[in-house]
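Here's the structure we're looking at; comments come further down.
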Amino acid sequence: KLPYPKAVGFIVTNEFCERFSYYGMRTILSLYLRDKLGYSDNGATVIYHVFTMFA
């Protein structure tokens, strides 16, 4: 018998996927804002930091 309930595996998997997508988004957000949406370097940096602050 497992020492933990079955739900723990689902919770851990969910947290892993959430963190993976969050850090992936942080990695490419400023590049996307600058290269695809046309923001300046300073504007993209400000939006990136606001996203990080609220996340």
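What follows draws every value from the coordinates through simple rules; no lab data is involved. Here the structure is a predicted model, which means the values were calculated and not measured. Here Cβ is always computed from backbone atoms with ideal geometry, including for glycine, and neighbour counts include all displayed protein chains.
Let me know the longest stretch in the chain that avoids all trypsin sites (Lys or Arg not before Pro) found in a DSSP loop with at most 10 other C-beta atoms within 10 Å.
7-35
Mind pulling the angle between the C-alpha long axis of helix 41-54 and the longest principal axis of the chain? Nearest 10 degrees, somewhere in 0 to 90.
The helix 41-54 is inclined about 30 degrees to the chain.
Could you work out how far helix 7-35 tilts from the main Cα principal axis of the chain, as a 0 to 90 degree angle to the nearest 10?
10 degrees
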